[in-house]
1. Identify, please: which residue in region A:14-26 is of a type in the set (S, T, N, Q) and within 17 Å of the chain's Cα centre (by Cα) and is, among those, farthest from A:G62 (Cα to Cα)?
2. Answer yes if at least one residue in region A:90-98 is touching a Ser or Thr at 6+ places or on another chain (Cβ under 6 Å) and either over 26 Å from B:D97 (Cβ atoms) or not in a loop (DSSP other than H, G, I, E, B) (or both), and no otherwise.
3. Report, by residue number, each residue of region B:58-74 that is more than 11 Å from chain A (Cβ to nearest Cβ) and crowded, with 16+ Cβ neighbours inside 10 Å.
4. How about region B:75-113: which of its residues are charged (D, E, K, R) and facing chain A (nearest Cβ under 10 Å)?
5. Search region A:56-110 for residues being without any contact (Cβ under 8 Å) to a residue 24 or more places away in the chain and of a type in the set (D, E, K, R), and hand back the single one that is nearest to the other protein chains (Cβ to nearest Cβ).
6. State the number of residues belonging to region A:64-89 that are among the hydroxyl-bearing types (S, T, Y) and either more than 15 Å from A:T5 (Cα to Cα) or part of a helix (DSSP H, G or I) (or both).
7. Among the residues of region A:1-55, count how many are over 18 Å from A:S99 (Cβ atoms), surrounded by 12 or more Cβ atoms within 10 Å (Cβ to Cβ) and among the hydrophobic types (A, V, I, L, M, F, W, C).
8. Quick one: how many residues across region B:10-52 are surrounded by fewer than 13 Cβ atoms within 10 Å (Cβ to Cβ), of a type in the set (S, T, Y) and within 16 Å of B:T108 (Cα to Cα)?
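The values are calculated or read from the model by the stated rules, or taken from the named source; none is laboratory data. In this text the structure is predicted, and so the values were computed from the model without any measurement. Cβ atoms come from the backbone with ideal geometry, glycine included; neighbour counts cover every protein chain shown.
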Amino acid sequence: AQSVTQLGSHVSVSEGALVLLRCNYSSSVPPYLFWYVQYPNQGLQLLLKYTTGATLVKGINGFEAEFKKSETSFHLTKPSAHMSDAAEYFCALNDYKLSFGAGTTVTVRA
Amino acid sequence: GAGVSQTPSNKVTEKGKYVELRCDPISGHTALYWYRQSLGQGPEFLIYFQGTGAADDSGLPNDRFFAVRPEGSVSTLKIQRTERGDSAVYLCASSLDAANEQFFGPGTRLTVL
């Protein structure tokens, strides 16, 4: 069975600090992995995706993620947090249907 | 261009009533998905349509839930004899096909009193 685990339901960072959101997956086949962001009262928006090829993936709004097969991880990072990054973030695994983690809520302190 | 739209945005109903939730996908997208997101959780898959047919309905929780897509575009999720546990945000997504990125609508927040 395919599954995704997000470590930490809440992350609080200072403006300008590193953002690190952790995601581990379990898959019997080479995974397609995604990060989505959900702002309050809005739909899910794709941040970035890994399918094949380069393991370091760059997305929108300065986010990037690295696929590490040996660690079954796909952690999301952003070097410098901005107030507008406050949202909920979901890691997901795609097997034509998406399997989502429970989500991590990010708050940014001024 | 227009994204995925869902109506209504909010629906409040009483236990035991019947509800219909509508999804308008992006034009030309053949794949359509329904997910359910309960408070504090990630979205959970309900059903996937490829064209007019339900290719995978393994996520529907029971036979009170049913979805249709008669012309391969708009889809309706139907819930009979609603229960308080059905309260959640119901998300719709569409994609060009199953191998491509899914685009999500804003969701319908269903509250069963």
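1. Only one residue fits best here, namely A:S26.
2. yes
3. Of everything in region B:58-74, those that are more than 11 Å from chain A (Cβ to nearest Cβ) and crowded, with 16+ Cβ neighbours inside 10 Å turn out to be B:L60, B:F65, B:A67, B:R69, B:S73.
4. Scanning region B:75-113 gives B:D97, B:E101, B:R109.
5. Restricting to residues being without any contact (Cβ under 8 Å) to a residue 24 or more places away in the chain and of a type in the set (D, E, K, R), the top hit is A:K97.
6. Number of matching residues: 4.
7. The number of residues fulfilling the criteria is 5.
8. Qualifying residue count, region B:10-52: 1.
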